[in-house]
1. Determine whether B:T17 is within 14 Å of chain A (Cβ to nearest Cβ), modelled with pLDDT under 95 and surrounded by 14 or more Cβ atoms within 10 Å (Cβ to Cβ).
2. Which strands (runs of 3 or more DSSP E) sit wholly inside the stretch A:441-526 and have at least 2 residues that are among the aliphatic types (A, V, I, L, M) and surrounded by 15 or more Cβ atoms within 10 Å (Cβ to Cβ)?
3. Residues of the stretch A:142-161 being closer than 16 Å to A:E672 by Cα and in a loop (DSSP other than H, G, I, E, B), which ones?
4. Has the stretch A:701-708 got at least one residue that is within 30 Å of A:G210 (Cβ to Cβ) and part of a loop (DSSP other than H, G, I, E, B)?
5. Got a number for residues in the stretch A:380-403 being assigned to a helix (DSSP H, G or I) and surrounded by fewer than 19 Cβ atoms within 10 Å (Cβ to Cβ)?
6. Does any residue of the stretch A:11-19 turn out to be touching a residue at least 12 places away in the same chain (Cβ under 8 Å), surrounded by fewer than 16 Cβ atoms within 10 Å (Cβ to Cβ), in a strand (DSSP E or B) and not hydrophobic (A, V, I, L, M, F, W, C)?
7. Need the failing condition index for A:E169 against (1) closer than 23 Å to A:V580 by Cα; (2) among the acidic types (D, E); (3) modelled with pLDDT of 80 or more, just the number.
Amino acid sequence: MFEFLFKYPGAVFEKGQFVLLAPWPVWMLALGVIAAGGLLLWHVRRNRGLLTGVRSLVIWMLETAMVALLLFLLWHPAISIATLRPQQNVVAVMVDDSRSMAIREGAETRSAQAVGVLDRKLLAALGQKFQVRLYRFGKEAERIQKTSQLNRSLPASRLGDSLQQVLAESATLPLGAVVLLSDGADNSGGIDLDTMSQIRRLHIPVHTIGFGREKPEKDIEITDAVLPAHALADSRLSALVTFRQYGYAGQKALVSVRGAGKLLASREVQLKGDGAPQSEPLLFNAGPAGPQTLEISIDPLPGEENRDNNSLRRLVDIETRKPRILYMEGEPRWEFKFIRRAAEDDSSLQLASMLRTTQNKIYRQGFSDPHELEEGFPVKAEELFAFDGLIIGSVEANYFTQTQQDLIREFANRRGGGILFLGGRFALAEGGYLHSPLAELLPVRLPESKGTFHRDFSNQELTAQGRASLICRLVEDPERNAARWASMPQLANYNEVGEPKPGAVELMDVVPAGHRRMPLLVTENYGRGRTAVFATSGSWRWRMWQDHTDVTHATFWQQLMRYLVSDSPGRVAGSTPRAVLADETKVTLRAAVRDKAFKPVPNAVVEAHIVGPDGAATSVELTPVPTEEGAYTAEWNAEKPGSYVAEIVAGRDKEELGRDVVVFRREDGVAESFHTSQNRELLQKLAAETGGRYYSAANAGRLADEISYSEAGITTRETKDVWDMPVVFLLALLLRGSEWMLRRRWGVV
Amino acid sequence: MRRRLVIRASLVAFSVTALFALQATFRQFPGMEDDPVPVPPDAYEKTEWAFTRLMYPSGRHASVFGDIGSWPTDYPKADRQFVQGVRRLTRIHARSSEQVVDLDGDEVFNWPWLYAVEVGHWSLTDAECAKMREYLLRGGFFMCDDFHGSGEWNVFLESIQRVFPDRPIVEIDNQDPIFHVLYDLGERIQVPGIQYWYTGRIWEKDGKTPHWRAIYDDAGRVMVAICFNQDNGDAWEWADHPRYPERYTSQAYRMGINYIIYAMTH
């Protein structure tokens, strides 16, 4: 219809430039319209006869519009547009040949639909005007000669990478346009901004043809599950499970986590509206040390179309290391004893403590080496940085020398350790921290005044962030957890502190009787590490005022101490940007190698010993990253699906610097089961950003005509008259017809 | 009769205090010693630690002490004099005055270090035994002192074995941290009471050999420290008296301080 009325396809008007071909200037046209309008006004007023004011005005407007249209046509309007020269340009046709294209849409697969579009008309039509280069693509593009070479076997699709490859290969060719046939399922999660802007810079329009339904009728799909790559043994873990559903809004579903076939946690959730992403945290115990494959699933609901996307697997390295925490305490007190007891009950932690029992005596506990730190608090980086966490109790700031204060700051900043500042009569504002360099480390501001330590029993209360925090989670259910905290015994004392600093997270408040509430437990990230303040030394009452079988106090302290150290890196810190290889094989391993003072080591020998799912072992050498001192990297192909454990070992001059474990998992069949709906948004965005158009399979036939209009390749500029468009004559007819009809109705013909 | 009324009134006071979960402050009770000391000016200071004396019933074993029973032996001078040493020799924030608690209310849970004297004359009720057991299992520490000979040992056992029927009482090894946490007390002497002035004997009854015994928890930590055939309380009380030998006082102070530091670290 559009083309019937406007003579040309919509693409001509979208891409062309409007011009007036008459030699006279435009201002003359405007002047002519105004003059004609004036004359007609004079004429209509003089001969209005039976026409009243409004009616004469309507007649004048219709006549003026008619004259304006005629004058406009006299100026010879046209569209100037660049068109690809026939037979001189190349059009790249890229067909998604990944496994997701094998999904059936009614009677035939998406791939079959694409082949149908190409073979029935499109390839032939394009071939009449252009040289056509046909590609299949998955992670990368491959030239093929005919559509029968498509087999829907490629394990992953990466639209951005494949496009860049085709555009690069065609850099020397007169590439006029790209036609991309796909369901938009991209394993990298889309096309990043960088890639998109690189494609856009080439000014080659990418026309996309989408296949597949945009949403299923009845389905629940887990779209992601976020878990930490590492965790300490027996620690509390949180899996943030994201999913969406169609057709089950308002119903209940059971989300579960299983490890080694054993149910670790489950939770019933109410499903949100169709297509709305929904995230639910699931808490569970990490279990014993070793790589742990976790299956996160949602129980299938009646009538689900696809049950394969109801579960996915994640691999977590449950670490064998026992992080060490150094606890410096300035005076004997009950808090110290019960913190020690909580740590002793946690087999994953080692707490070494130094307690000033008298002015000049320090009582050390928890040191395996009887001579370690026997001279007092560390004065060298390698002494302090041997620990993963640091607790500073009721110790005056000036007890530490300037060197020690610098070390403490670097402990969080450079070494990446966690520091916890406790309350007490020599702590925080009372201990002179406000005017010491250590104030920078605190996640709260300190008051100027003294007398801020109060031995008054006080209640504590979780904040909204505290309710969500793993540190404060005593029972799994958030509501029951909040109720549990509300029934806790009072703290024996508290320190006044100021507001949390920007970026800090306030987890718990103290609510002293007759006073305003104030921050009690606050955490923040600092440098590569993290700091926290717990402005009391009176949590021991949680132990002494609850039944001896109650583990609340120990649980809280173990979780707080684990928060301090669980992300403290070792001297060798391994990582991989993608722990799940979804239908992929290539994995990148990285390692940051540091010496005892946690300074980067540039000349280390770094090797990864990788054990695959079948037990086969192999070694890969990591090479230095030129732009990053102390960083090493390697790429490796995971040949088989399943879980892999890579132990990265770094050495220098026959000395081992350290080792770390990285786990990753190759998952096949993701494309067939996950994100199976057409990602129309991505395809439309890609077309819009590059100057192309998005077509559905049904209207893809228009593409062959519209593709010619492109600035890329070898073009010629055409001028297309628009004065003879049927719509112009219809408009003229409408104007005259309307005037005639009105005059007849008003009896002034 | 008047003393009994005072004790009952104080018990009621404790119960009310526990109900409102407020930490009890210092309160002076009638003592039974002839060497009174004034209430220190900072007796009401809120501190981390206070010398907490257990007020226990003596029941049928009270005959030699009268209605009030044996719990206030050496009270309050021993307590206050020992605290002076704790304050001078350690960094513990210690109150100058003692705290008296019983096992009938819950106030004892605010004081994780507990001292009892003359436990060869105590007679805990079953409810008090249960409270003591719970207190110790939660992390409380109990030091008992000044009882002598097999007769008093048996009286002591009669109550403590209802607290822990299934836990043995053992001699503390010389290497145990409790003897080294601040002062090294691997070698120890018997500390006599002031009867030593009159008799010249350092033992009482048939208790010629001093014992440092304990009941341990499941993690190997001392819960109950038993100073048997010795009288640290007198050594503290008479530390300022020229007739009481310094060597006994010195050990008693060190022993008491070690027991406190141990209780605050283990």
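The values are calculated or read from the model by the stated rules, or taken from the named source; none is laboratory data. Treat the numbers as computed from the prediction; the structure is a model and nothing was measured. In this analysis, Cβ positions are derived from the backbone assuming ideal geometry, glycine residues included, and neighbour counts consider all displayed protein chains.
1. Yes: the conditions hold for B:T17.
2. Filter on the stretch A:441-526 gives A:505-511, A:518-526.
3. Passing the criteria: A:N151, A:R152, A:S153, A:P155, A:A156, A:S157, A:R158.
4. Within the stretch A:701-708, one or more residues are within 30 Å of A:G210 (Cβ to Cβ) and part of a loop (DSSP other than H, G, I, E, B).
5. 6
6. yes
7. It is condition (1) that A:E169 fails.
Per-residue answers, yes or no, for (1) surrounded by fewer than 19 Cβ atoms within 10 Å (Cβ to Cβ); (2) over 25 Å from the mean Cα position of the chain (by Cα); (3) in contact (Cβ under 8 Å) with a residue 40 or more places away in the chain:
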position: A:V269; (1), (2), (3): yes, no, no
position: A:G273; (1), (2), (3): yes, no, no
position: A:A276; (1), (2), (3): yes, no, no
position: A:L283; (1), (2), (3): no, no, yes
position: A:G287; (1), (2), (3): no, yes, yes
position: A:G290; (1), (2), (3): yes, yes, no
position: A:E295; (1), (2), (3): yes, no, no
position: A:P300; (1), (2), (3): yes, yes, yes
position: A:G303; (1), (2), (3): yes, yes, yes
